[in-house]
Amino acid sequence: MDENIKRKIELSNKIYPYFAGLTEDLMFWAAINTLFLTTVKNLTASQISLLSAVAVFSSIILQGVVFKIIKRIGNIFSVRLGLVLFLMAATAITFSNDIFLIATGEILYHLAFFFTSMGNVILKRNLKAVNKEENFHKICSKSNFIYATVTMIISFVVGFIFNINKYLPMILCITVCVLNIFLSGFIYEYKYKDDESVKPERKVNWKKILILIIVAYGLLYATLETVQENGKIFIQYYFEDFLEINKATICLTVIIAFSRILRVLSNLLFNKMYSKLKNKLIVLLNFLLLSALVLTVVGNIVSNGMQGGIIMGAGFCILLFVRDPIMIFSKTELLNNCDTKDQERVLHKFNLFRKIVAGVLALSVSALLLKVKMIIVMLLFGALTALYFVLTFNLSSVLAKKAM
């Protein structure tokens with residue numbers, strides 16, 4: 001390998017955790033999305049779920065076009081395009097009061113993830129080029145730790161910033177988007193001789209283990225995302241029943257701040273958990289997700305002011321604790337079990353299935369909230385999560401057999 005190329009790879013690998021950490025999601029938006037949409041854009045919980053469903057299904061419909069673009073322009077430019085879409089999404093959501101333009105922003109937001117996810121392929125190939133593939137899950141964990149740390153800091157201050165000016169957090173979000181586009185110029189991808197980034201589509205060798213990983217990740221992560229989004233509204237409404245809006249906002253942001261601390265902790269502990277539990281980790285994460293739902297429901301039933309809010313908050317914190325481990329575990333096992341030439345296509349299906357599940361769940365929640373209370377929706381999610389144990393035990397067993 002040329003020494004200059006090797007230096008570029010090593011520099012890119014060093015920068016990648018920080019780059020990925022800052023581009024994992026829209027900074028500030030993740031902390032105040034439901035609060036911003038309900039208080040600034042005056043949308044209801046049902047409308048927010050419907051908006052999310054429309055955005056997800058639109059991104060699913062467009063995924064064929066997205067993948068053709070990815071194959072045509074390559075992974076580096078795909079990541080940069082994803083960052084531009086993030087910027088456009090944040091701008092549309094911030095400055096528009098028209099629900100159709102807000103929906104357009106949401107669609108761009110969901111499409112952006114398909115493009116930015118190619119960063120994982122870039123990292124995996126760069127590590128393979130320098131014989132350091134075993135560091136993939138460690139670097140992913142580090143990038144998620146950086147993201148969790150930054151968003152934890154944001155969560156501590158965003159409530160106060162929001163109360164000063166309701167648009168200020170989104171202005172800061174747009175600023176970070178611009179900085180991320182600049183930072184992407186330092187990311188490099190090693191090109192293999194058999195790279196198929198511009199060749200016609202080929203069939204992937206779909207093994208049972210790949211299908212199980214994609215299905216398990218799609219169901220668990222999409223459920224967690226949906227519960228997290230609606231859980232924030234659930235907790236917000238709970239506090240608003242006995243507190244003024246400003247105090248309810250502070251209580252919600254304090255819970256979000258603590259949840260971010262737990263998210264940081266989960267990334268610090270991930271490598272140890274993964275090394276010790278290996279294939280069994282996915283079953284533990286399933287159990288923790290179910291526990292989070294139970295606490296959220298129990299806290300609401302308590303209905304004893306702050307005591308119930310604390311219990312609900314504990315459930316929400318557990319949600320954030322398991323979020324990154326589910327993603328890192330699934331992504332690591334997926335890329336470890338597919339050929340290098342199949343990575344873009346397999347990772348695309350990996351993200352696509354999650355989008356499909358998320359879209360179905362968001363649409364279901366939107367419809368259910370027209371007829372029933374949020375607590376019934378949370379109970380249904382609890383029952384659904386309990387059923388996932390059949391899948392996670394099966395995946396754990398298959399991974400254990402492969403390791404033998």
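Taking the Cα centre of the chain as the origin and placing charges on Cβ (Lys, Arg +1; Asp, Glu -1), which of SER184, ILE209, VAL84 is farthest toward the positive end of the dipole?
Of SER184, ILE209, VAL84, it is ILE209.
When the accessible area of the chain is split by element with a 1.4 Å probe, what percent falls to carbon and sulfur?
67
Stretch LEU368-LYS401 to full length: gain in nm at 0.36 nm per residue minus the Cα-Cα span?
7.8 nm
Spelling out what I want: for every residue of region 295-301, take phi, set θ = phi - 60°, compute 6.51 cos²θ - 1.76 cosθ + 1.60 (Karplus), and round to whole Hz; glycine and proline get x.
Ordered by residue, 3J(HN,Hα) equals 5, 4, 5, 4, x, 5, 5 Hz.
Can you tell me the FRET efficiency between GLU133 and ASP241 if r is taken as the Cβ-Cβ distance and R0 is 45 Å, rounded to the nearest 0.05?
0.30
Treating only the Cβ of Lys, Arg, Asp and Glu as charged (+1, +1, -1, -1), what charge dipole size does region 19-98 show about its Cα centre? Round to the nearest 20 debye.
It comes to approximately 340 debye.
Pairs LYS41/LYS124; LYS71/LYS166; LYS132/LYS207; LYS71/LYS276; LYS191/LYS355: which exceed 31 Å Cα-Cα?
Beyond 31 Å between Cα atoms: LYS41/LYS124; LYS71/LYS166; LYS71/LYS276.
What ³J(HN,Hα) values, in whole Hz, does the Karplus curve 6.51 cos²θ - 1.76 cosθ + 1.60 give for region 108-120 when θ = phi - 60°, with x put for Gly and Pro?
Going residue by residue, I get 4, 4, 6, 5, 4, 5, 4, 6, 5, 5, 5, x, 5 Hz, with x marking Gly and Pro.
With the cut-off at 25 Å, tell me which of the pairs LYS272/LYS349; LYS14/LYS272; LYS8/LYS128 have Cα atoms farther apart than that.
LYS272/LYS349
In Å², and per residue, what accessible area does region 298-403 have when probed at 1.4 Å with the other protein chains present?
38
Give me the 1.4 Å probe accessible area per residue for region 7-99, excluding ligands and nucleic acids, in Å².
39
Want the number for LYS341 to ASN271: 0.36 nm per residue separation, take away the alpha-carbon distance, what's left?
Full extension of this stretch gives 22.5 nm more.
Each residue of region 339-350 in order: what ³J(HN,Hα) in whole Hz does its phi give by Karplus 6.51 cos²θ - 1.76 cosθ + 1.60, θ = phi - 60°, with x for Gly and Pro?
Once rounded to whole Hz, the list reads 5, 4, 5, 9, 4, 4, 5, 5, 5, 5, 5, 4.
The values are calculated or read from the model by the stated rules, or taken from the named source; none is laboratory data. Remember, it's a predicted structure, so these values are computed and weren't measured experimentally. Heads up, the Cβs are rebuilt from the backbone with ideal geometry, glycines too, and the neighbour counts pull from every protein chain shown. Heavy atoms of the whole protein, side chains included, go into the accessibility calculation; ligands, DNA and RNA do not. Shrake-Rupley method; radii C 1.70, N 1.55, O 1.52, S 1.80 Å.
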